[in-house]
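What follows draws every value from the coordinates through simple rules; no lab data is involved. The structure displayed is predicted, hence computed values, not measured ones. All Cβ positions, glycine included, derive from the backbone under ideal geometry; neighbour counts span all protein chains shown.
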Amino acid sequence: MIGYYVHHQGRGHLHRAVCLARYLRTPVTGLSSLPRPAEWSGAWIRLPMDDGLASEVGDPRAHGRLHWVPRHHAGLRTRMSILADWIERSAPSLLVSDVSVEVAAFARLMGVPVVVAAMRGERADPAHRLAYDVADALLAPWPESTREPGWPEEWYAKTEHTGAFSRYDERPRHPGAVPADHEAVVMLGAGGSGVSDADLQRAAEATPTWNWTVLGRKTWTDDPWPLLCGASVLVSHAGQNAIAECAAARTPTLVIPQHRPHDEQHATGRALAAAGLAVVRDSWPEPDEWPALLTGVRRMGGDRWRRWAPGDGAERGAAFLDRLAEDLPGPAPGWKDSASSGPMGSSAGGDGVCAPL
């Protein structure tokens, strides 16, 4: 059994979990504050929220050592109790955390091997170092040729680079999706874009020969795939999932990273720019820059996206998790779990430790 923790912020974590679960041979249980997605075929355990304003709770960061453990928070207490109960009942071979430092550390404290979904950006803070250090493996949804700079060597040594993957990897380009010459599709993130309606309006007015479609604000579709494939240029933030979808569509893309904790999106933008996979701007362009910018992006073409998202990243990630679930060692031969030996956890004196046979 594999447990898969899915963070509730945004939808990228959920999309990754669904993609991987589709290929896993090992039974998988989802653990999340999000409702069970329709595409999820395994068990799903709904966890209570542990949110709140940092100013309203006591020491949520545990003196800077963790990210979110507010004192006396009923939601936090209950969700960890549910997680502990599930681990006790299911004895999972592996737990994937995408992403929570606290869930990763908690599972490891219960003796469960942990895989942490790696994130780009500044991860040298004590909390991230804890999660990445205790993890048995890191799962990085980007190619090894664009590995994140500055990591300790021990992190690189246990990282599986799968390449980017998305919910569209198995879908062919939409039959009617012949890229238009002047079709721009803008993807705004669920976590806040920093792009105003006025910004969009000025960009459209500066490019009167272009047709603009904005996804993520007033225009929403459950299946944007035809739009992604039919665009001549995509304008996207630099979230992992959004970039994976741009790459799957093989559509030339202008990437404008948004401000996120730990500089995550700007780190992704730097990796894309260094690899020559997209045009990257650190901020929203001025109106007079748009005509030449869109023309230049369109001329790049989209075939180079294959280096970022080869199309089999989810299969590779799932195969890696299956191998870990099978290969990571359990209790050493000759040892027994003293929890079953008596009411105090040990038949030899109740000290609650494992004892040799």
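Among L277, P291, V185, pick out the residue whose Cα is farthest towards the positive end of the charge dipole of the range 183-307, where Lys and Arg carry +1 and Asp and Glu carry -1 on C-beta, about the Cα centre. It is L277, whose Cα lies furthest towards the positive end. Take every DSSP beta bridge whose two residues both sit in the chain; close to 5 percent of them are antiparallel. For the range 1-118, taking Cα atoms only, Rg and Dmax work out to 14.0, 44 Å respectively.
Given +1 at the Cβ of Lys and Arg, -1 at the Cβ of Asp and Glu and no other charges, the dipole of the range 186-336 around its Cα centre is 260 debye to the nearest 20. With the convex hull drawn over the C-alpha atoms of the range 256-337, the volume per residue is 145 Å³.
Based on alpha-carbon atoms, the Kirkwood radius and the radius of gyration of the range 86-154 give Rg/Rh equal to 1.00. Applying 1/(1 + (r/R0)^6) with r as the Cβ-Cβ distance of R71 and T213 and R0 = 51 angstrom yields a FRET efficiency of 0.65. Here the range 77-117 and the range 301-329 have alpha carbon centers that stand 23 Å from each other.
A simple spin-label model places pseudo-atoms 7 Å from Cα toward Cβ; at K158 and R46 they are separated by 3.4 nm.
Its Cα gyration tensor gives the range 183-307 an equivalent ellipsoid. The semi-axes, each the square root of 5 times an eigenvalue, are 19, 17, 15 Å from largest down.
Calculate, for H182 and S283, the FRET efficiency according to 1/(1 + (r/R0)^6) with r their C-beta to C-beta distance and R0 25 Å; round to the nearest 0.05. The pair H182/S283 has a calculated efficiency of 0.60. Stretched out straight at 0.36 nm per residue, the stretch from E122 to T295 would grow longer than its current Cα-Cα span by 59.0 nm.
Compactness of the chain is given as radius of gyration and Dmax, 22.6, 82 Å, from Cα positions. Once the Cβ-Cβ distance of R323 and A274 is raised to the sixth power relative to R0 = 30 Å, the FRET efficiency obtained is 0.45. With each label modelled as a point 7 angstrom along the Cα→C-beta vector, the L109-E88 pair spans 1.5 nm.
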